[in-house]
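What follows is a short report on a single structure.
The values are calculated or read from the model by the stated rules, or taken from the named source; none is laboratory data. Since the structure is predicted, the reported quantities are computational estimates derived from the model, not experimental observations. Every residue, glycine among them, receives a Cβ derived from its backbone with ideal geometry; neighbour counts consider all protein chains shown. Note: accessible area is taken over every heavy atom of the protein model, side chains too, but ligands, DNA and RNA are not part of it. Shrake-Rupley method; radii C 1.70, N 1.55, O 1.52, S 1.80 Å.
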Amino acid sequence: MGFDKRIYNFAAGPSMLPLEVLETVQANLLNYKGSGMSVMEMSHRTKVYQTIIDEAEADLRELMRIPEDYAVLFLQGGATLQFSMVPVNLLCAGKKADYIVTGSFAEKAAEEAAKFGDVAVAASSKDKKFTYIPKVGKEAFRADADYVHITMNNTIYGTRYPYIPDTGGIPLACDWSSGILSEEVDVTKFGLLYAGAQKNIAPAGLTLVILRRDLIGFAPEGTPLYLDYKTHAESSSMYNTPPAFNIYVAGEVFKHIKARGGVAAAEKSNREKAGKLYAYIDQSRLYKAPAEAGDRSLMNAVFVTGDAETDKRFVAGAREEGLLDLNGHRSVGGMRASIYNAMPPEGVDALIAFMEKFEKKEKLL
Ligand SMILES: *Cc1c(COP(=O)(O)O)cnc(C)c1O
């Protein structure tokens, strides 16, 4: 390695954080606002820390327009623990849930839920290697399902829902780990949204859960206390020691997004970045994006040359120029450029410039 400057990191997660946020965190690292200590060292039961978590929640509510009848929880365990907590808490009367399977994380979520109830796959895109998002209406779901689960952005395959499925009133639970805050959505269309923080928000170790309060309180008797949303909602995410430093960094990221025009401005920038990259891929003779055009992710652009050895040379060559971690997920190969909120437009421009140079060399244009 040996980079002496910041590089463009295209990793799927943990991934880039905004430079300005890192600088703010650095400037306040040893003495946070005159407290004489770092937020890392601070008791979470102090007034100064309470302000940090309260502001983080208030800023997130403002950014995503989260109404008061939704709880915002700062949890641990990653999106993966939500694969378990969602069924434990939301399966109630009939213990039935319908999952749309659009990738391996969706598959894992459905498999985990099947341990707790009757899980049906309402639709799947496995038939075409998860390169598209099934278009389903409310007739796809069992009328007595307790909830429907979707994975809004499929990090590994580079697809994204271009629509929010109509469930006919069944609560919609959604894994939005790799898309939260990247575009505007109407939170009230969901019963529950969850996201691991390490893609778009903060260091790994924090998980956000946004859920309608009327869905809280249905975990069956005998549910471990820590897995019950009620425990965390009733104590405002402070039942025990929360991931205090991560919540602080998340709060700084929220302030950063707010100061730059909110989610609408982030979405505009994300559409421009992804649009440029896909436009380049689509006109190229070397690269191809397997995802269907209307279902492509704004956050994870997957592309291939069609030859595994050429892909390897691409990834290695890019790394030498400070364009890091462009390899596709180990299960699919090829390339993947994760261009989350914090990836500056200049990073995408640098990637396209390298792609052009590499294509010229490979194709001897
Ligand atoms: C990264 C990711 C996960 C896994 O998150 P962890 O925090 O590692 O548990 C789950 N779902 C999606 C969509 C992801 O992008």
field: Residues (open to solvent by less than 30 Å² (accessible area, probe 1.4 Å) and outside any helix (DSSP H, G or I)) located in the range 31-43
entry: S38, M42
field: All positions within the range 264-293 that are part of a loop (DSSP other than H, G, I, E, B) and of a type in the set (G, A, S)
entry: S284, A289, A291
- prompt: Only one of (1) surrounded by fewer than 17 Cβ atoms within 10 Å (Cβ to Cβ); (2) without any contact (Cβ under 8 Å) to a residue 40 or more places away in the chain; (3) over 24 Å from S125 (Cα atoms) is not met by P345, so which one is it?
  reply: (2)
- prompt: What do you reckon, is S178 more than 9 Å from the ligand (Cβ to nearest atom), buried (at least 22 other Cβ atoms within 10 Å of the Cβ) and modelled with pLDDT of 95 or more?
  reply: no
message: Going by what's in this entry, would T151 be described as among the hydroxyl-bearing types (S, T, Y) and over 16 Å from P171 (Cα atoms)?
response: no
- prompt: Just checking, how many residues over the range 188-237 are among the hydrophobic types (A, V, I, L, M, F, W, C), touching a residue at least 40 places away in the same chain (Cβ under 8 Å), outside any strand (DSSP E or B) and open to solvent by less than 40 Å² (accessible area, probe 1.4 Å)?
  reply: 8
task: Considering (1) farther than 18 Å from Y340 by Cβ; (2) assigned to a helix (DSSP H, G or I); (3) free of Cβ contacts under 8 Å to residues at least 40 places away in the same chain, say which one L22 fails and leave the rest.
output: (1)
- line: Counting only residues that are small (G, A, S), over 19 Å from the mean Cα position of the chain (by Cα) and open to solvent by less than 40 Å² (accessible area, probe 1.4 Å), the range 101-153 contains a total of 9
statement: If you go through V185, V136, the only one that is outside any helix (DSSP H, G or I), within 16 Å of the ligand (Cβ to nearest atom) and of a type in the set (V, I, T) is V185
query: Do we find that A110 is within 28 Å of P242 (Cα to Cα) and in contact with a Gly (Cβ under 7 Å, 6 or more places away or on another chain) in this structure?
result: no
query: For Y49, all conditions in the list (1) farther than 19 Å from K230 by Cβ; (2) in contact (Cβ under 8 Å) with a residue 12 or more places away in the chain; (3) open to solvent by 10 Å² or more (accessible area, probe 1.4 Å); (4) part of a helix (DSSP H, G or I) hold save one; what is the number of the exception?
result: (3)
task: Report yes if some residue within the range 55-62 is over 21 Å from the mean Cα position of the chain (by Cα) and either open to solvent by less than 40 Å² (accessible area, probe 1.4 Å) or among the basic types (K, R) (or both); otherwise report no.
output: no
- prompt: Of the residues T167, T102, which single one is of a type outside the set (A, V, I, L, M, F, W, C), within 16 Å of the ligand (Cβ to nearest atom) and touching a residue at least 24 places away in the same chain (Cβ under 8 Å)?
  reply: T102
